[in-house]
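As structure tokens, the structure follows; a few thoughts come after it.
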Amino acid sequence: MLRDPAFWAVLVFGIVALCVALVNGERWRSHLNDVRAAAAQQDASARAVARTMANRIDRGQQPASVFDPRNAFVYGDYLMSHFAILPATPLAALTVGQSDLLPSALPLAPGRQPSLADGAEPENPHRLLIGRFDTAFAVIYLFPLLIIGLSYALLAGERERGTLALLLAQPLTLQSLFAGKILPRVLVIGGLLLALAAISAAGVPIAAWPRLAVWFAIAIAYAVFWFGLTATVVTRRGNTSTHAVTLAAAWLGLTLLLPTLVNLAIKTMVPVPSRIELILASRAATDQATAERSQLLGAFYEDHPDLAPAGSGPNHGADFITLQLVTAQRVERDLAPVLARFSHQLARQRRLVEKLKFLSPALLAQSAFADAAGTGSARYDWFFEQVRAHHSDLRGFFEPRVLSKEMFTAWDDVPSFNYVEEESSSVVARIMLAVGALLCAAFGFSLLSWLALRRQSLV
Amino acid sequence: MIATIARKEFIELIRDGRFRWAAAIVLALLVTALLAGAYYQRDLVKQQRAAQAAEQARWYDQGSKNPHSAAHYGLYAFKPRLAPAFLDPGVEPYTGIAVWLEAHKQNETIFRPSEDATVAQRFGDMTVALVLQTVVPLVIIMLGFNTFAGERERGTLRQLLSVGLRARDLATGKLLGSAAALALIAGPAILLGATTIALIGPAGGELRFMLLAVAYLLYLGIFLFLTLAVSARSSSSRLALVVLLAFWAVNCLLAPRIMSDFAAELHPLPEGVAFKARLQAALHDPAGPSIMMRDRTAELLHRYRVTREQDLPLNLAGLSLQVGEDYGYEVFGKFYNELYAPMEAQVGLLQRAAALFPQLGIQAISMGLAGTDLAQHRDFTRAAEEHRRAELKVINDDILEHPVKAGDMHFGDHDLWAKVPAFRYQAPAVGWVLSNHALTFVLLVLWFGLAACFAWTGAARLRPL
């Protein structure tokens with residue numbers, strides 16, 4: 001095998017691809033860390049600006065404008081730069097996952113419902129469509145090609161050259177011959193993966209090793225799956241070309257076509273309503289709330305008699321801010337069922353993809369890789385749940401201060417967001433299922449090829 | 001003679017089990033992609049139209065209110081979808097579907113469909129474009145790799161050439177035969193596509209469809225010629241297959257990602273959080289509009305031949321609002337350019353990379369003709385922004401022209417709202433799209449020519465061994 005130029009071509013190609021992927025991923029990770037740093041800095045500088053400005057207004061060096069930082073409403077919704085920052089895992093360099101689509105630093109304001117659609121990094125949609133060349137991509141798409149390239153001519157090649165009969169004239173069974181031939185190939189691919197694992201392990205802190213181990217467990221299971229599939233094909237009758245074509249078609253089907261079909265199935269079976277509907281609903285709700293403003297205010301002051309101003313008139317003498325608040329609350333209440341429908345359907349989609357991903361090893365591996373690297377939907381969901389809780393804290397902090405209309409100076413007391421990482425064990429448990437499924441399939445394939453070898457006549 | 005060879009090649013191919021399987025799979029995929037695409041298309045077009053009409057009505061019927069409140073109320077512009085978009089949705093999953101046109105802010109489009117999708121979305125949609133760009137080339141390779149190499153291995157090539165058959169006739173015959181076999185797949189596919197298009201409409205995309213068909217024929221022609229060329233030159237069919245599969249994998253799979261990442265290295269985008277902070281700072285810079293305000297006020301004083309502002313028969317709040325907007329246009333223009341110029345440079349580089357990989361060429365042209373590339377998304381946002389500016393001008397002029405006494409309020413009514421024409425987006429003409437992709441088209445034609453030459457010379461020098 002070492003004398004075969006194809007082997008060296010495959011090896012060099014594999015190494016180059018992995019290096020490019022690693023560098024690429026690491027650069028993206030450091031870019032996202034810049035984003036997080038910029039967010040933290042922005043947060044601090046907005047506070048500093050507010051304090052300076054308030055000082056100047058207090059000392060009469062500057063007239064108070066609409067954007068007065070001493071007003072809790074203005075500060076909370078307009079001047080504050082408040083972010084919920086999702087820290088990067090050290091493994092983010094291995095899998096870009098959803099991190100190019102979803103935010104690393106989510107901007108929050110008390111008056112606006114948090115949404116994962118806010119604060120995503122600006123990115124070229126064309127590039128989002130194409131995807132990135134990261135290590136997960138190299139393992140998912142290129143490794144199967146390397147495995148196929150190394151092994152497609154395993155038995156048929158010998159048969160075509162006529163050397164198979166010669167070899168089997170030795171005291172050797174077909175099975176052991178096959179095992180002897182496939183083993184060095186397994187070692188090459190395994191060696192590549194191990195080298196990659198060693199480099200990655202050196203680059204990440206020890207605390208991240210469990211996740212790293214899981215990541216490589218997936219990579220290994222995935223490679224084993226493709227070895228199994230390749231073995232099943234090459235132990236069948238037929239010539240090298242037939243085997244190569246079959247394997248290429250299998251690769252195309254499993255990695256490129258099946259995931260798109262799964263995507264289609266999910267969108268068809270559990271369609272998410274169009275966001276156009278949401279826009280129209282929110283416009284209608286705003287109109288409605290504006291029309292009913294004076295009733296809304298009446299009800300509001302019945303609930304909060306202490307806040308009611310002395311004046312009267314169509315708006316009960318309420319100021320702009322109270323009006324805003326009351327209207328926004330109503331709009332939010334009206335939209336809640338519409339938004340719930342979206343999240344309900346999305347959750348159903350999520351559950352469906354959790355089942356259907358087992359149809360395609362590529363889809364299975366991609367979601368497991370992203371999960372292990374902390375760039376998958378599971379971690380963003382986990383993050384967003386905390387964001388929601390934090391957002392209600394934020395409201396709890398601002399709302400009484402806004403309504404009391406007292407001078408606001410508590411810029412530094414705004415509760416800050418502290419992300420709590422998910423337990424590694426639950427991540428590992430989730431992923432082990434995927435690893436198990438890949439290994440099971442690989443075992444099935446091995447069994448098939450072993451049976452095929454037993455049945456085969458020797459030449 | 002050529003006809004005989006072509007007939008033999010054709011019959012051999014269609015009797016081949018591999019061909020039948022491939023044809024069945026390709027057709028099944030195409031039908032799936034067409035049906036799914038058409039289904040979404042019909043829904044989307046209907047929804048978009050209804051929503052735009054509803055929004056427009058909402059604007060006109062907003063009742064009597066302060067004109068500036070109306071400007072804040074604004075209008076949503078929904079991005080319409082061209083008919084061919086269902087063949088290749090392009091960047092649509094990653095661009096927003098609507099933009100809110102309001103006072104003071106040039107908003108970005110919101111609600112990217114990919115945000116409402118699962119991880120499977122990142123693998124892409126099952127579309128006609130995917131089948132034609134990736135699957136059919138593989139089918140061509142599978143069917144054609146042993147056209148010559150196989151005959152050579154079986155020794156039949158020597159027989160053929162020994163009876164005095166010219167190598168080029170053999171090549172032409174084989175080309176025609178395989179092309180005819182492929183036409184058996186393409187024929188029903190085109191028929192199906194045409195029917196779907198006729199059924200769903202909206203009409204008007206015919207020219208785009210025809211050009212799309214031409215582009216795809218060019219692209220698939222490149223693969224057919226390359227396959228024949230490599231097959232004619234390879235000593236064994238196995239070598240031919242490996243070379244062709246490697247080219248296919250690099251072209252369809254590796255090239256887009258590598259070139260895209262390379263383009264991003266060359267033309268990086270600004271970092272988002274700091275970018276937004278700088279934008280906000282520039283927008284709220286009080287020095288910005290103040291000079292503009294002073295000059296315009298002076299201009300008005302001069303025009304009305306008065307010296308004091310309070311003598312003007314105008315409400316200067318209207319001028320101040322318009323000046324604020326004009327300053328905002330400048331700032332937004334500058335910042336969005338900082339954001340989109342590198343994106344356009346990235347896309348441009350990907351288009352030029354068609355010189356190396358035809359896949360990048362067909363991808364760009366296909367999205368362009370389908371109306372789903374970045375340039376056409378940008379064109380929509382440009383039109384929406386133009387509408388916003390026209391609307392604000394009407395509103396602010398009205399405020400300017402209606403001076404109010406202290407404590408009084410001026411209200412706009414239906415007549416004022418009706419001065420703003422309805423938002424109607426006209427998609428760019430095919431000529432505009434073609435001029436964007438002229439170089440890519442040339443590169444694709446060059447690829448086609450080179451591949452044909454390669455096949456021709458390969459066939460001319462056909463060696464029996």
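The values are calculated or read from the model by the stated rules, or taken from the named source; none is laboratory data. Note that the coordinates shown come from a computational prediction; the quantities given were computed from them, not determined experimentally. All Cβ positions, glycine included, derive from the backbone under ideal geometry; neighbour counts span all protein chains shown. Only protein heavy atoms, including side chains, enter the accessible area calculation; ligands, DNA and RNA are left aside. Shrake-Rupley method; radii C 1.70, N 1.55, O 1.52, S 1.80 Å.
Structural remarks
- Within region A:90-107, the set of residues being in a loop (DSSP other than H, G, I, E, B), under 25 Å from A:Arg388 (Cβ atoms) and within 11 Å of chain B (Cβ to nearest Cβ) comprises A:Gly97, A:Gln98, A:Asp100, A:Leu101, A:Leu102, A:Pro103, A:Ser104.
- Selection count where residues are in a loop (DSSP other than H, G, I, E, B) and in contact (Cβ under 8 Å) with a residue 60 or more places away in the chain, scope region B:265-311: 4
- Looking only at residues of region A:218-272 that are of a type in the set (S, T, N, Q) and at pLDDT 90 or above, we find that the one that is most open to solvent (accessible area, probe 1.4 Å) is A:Thr232.
- Set side by side, the residues A:Pro122, A:Pro110, A:Pro87, A:Pro144 differ, and just one is of a type outside the set (D, E, K, R) and either facing chain B (nearest Cβ under 9 Å) or free of Cβ contacts under 8 Å to residues at least 12 places away in the same chain (or both), which is A:Pro122.
- When the residues of region B:145-164 are filtered to those that are over 19 Å from B:Leu253 (Cβ atoms) and surrounded by 21 or more Cβ atoms within 10 Å (Cβ to Cβ), the one that is nearest to the other protein chains (Cβ to nearest Cβ) is B:Asn146.
- Any hit, region B:76-92, residues being without any contact (Cβ under 8 Å) to a residue 60 or more places away in the chain and either out of contact with any strand residue (DSSP E or B) (no Cβ under 7 Å at 6 or more places or on another chain) or open to solvent by 30 Å² or more (accessible area, probe 1.4 Å) (or both): no
- Filter result (under 26 Å from B:Ala120 (Cβ atoms) and either within 14 Å of chain B (Cβ to nearest Cβ) or in contact (Cβ under 8 Å) with a residue 40 or more places away in the chain (or both)) within region A:376-406: A:Gly376, A:Ser377, A:Ala378, A:Arg379, A:Tyr380, A:Asp381, A:Trp382, A:Phe383, A:Phe384, A:Gln386, A:Val387, A:Arg388
- Residues that are open to solvent by 30 Å² or more (accessible area, probe 1.4 Å) and at the interface with chain A (Cβ under 10 Å from one of its Cβ atoms) within region B:47-60 comprise B:Gln47, B:Ala50, B:Ala54, B:Arg58, listed in sequence order.
- Any chance B:Val445 is part of a helix (DSSP H, G or I), open to solvent by 70 Å² or more (accessible area, probe 1.4 Å) and in contact with a Leu (Cβ under 7 Å, 6 or more places away or on another chain): yes
- Looking at region A:183-270, the helices (runs of 4 or more DSSP H) lying wholly inside it that each contain 3 or more residues that are touching a Ser or Thr at 6+ places or on another chain (Cβ under 7 Å) and at the interface with chain B (Cβ under 10 Å from one of its Cβ atoms) sit at A:258-269.
- B:Arg388 fulfils the conditions (1) free of Cβ contacts under 8 Å to residues at least 12 places away in the same chain; (2) of a type in the set (Lys, Arg); (3) part of a helix (DSSP H, G or I) except for a single criterion, (1).
- Checking each residue in region A:278-304 for being in a helix (DSSP H, G or I), more than 12 Å from chain B (Cβ to nearest Cβ) and either more than 12 Å from A:Asp334 (Cα to Cα) or touching a Pro at 6+ places or on another chain (Cβ under 9 Å) (or both) picks out A:Arg293, A:Ser294, A:Gln295, A:Leu296, A:Leu297, A:Gly298, A:Ala299, A:Phe300, A:Tyr301, A:Glu302, A:Asp303.
- Single residue of region B:112-144 satisfying the filter (within 29 Å of B:Gln56 (Cα to Cα) and under 18 Å from the mean Cα position of the chain (by Cα)) that is least open to solvent (accessible area, probe 1.4 Å): B:Ser114
- When region B:264-288 is filtered for residues that are of a type in the set (A, V, I, L, M, F, W, C) and within 8 Å of chain A (Cβ to nearest Cβ), the ones remaining, listed by number, are B:Ala264, B:Leu269, B:Val273, B:Ala274, B:Phe275, B:Ala277.
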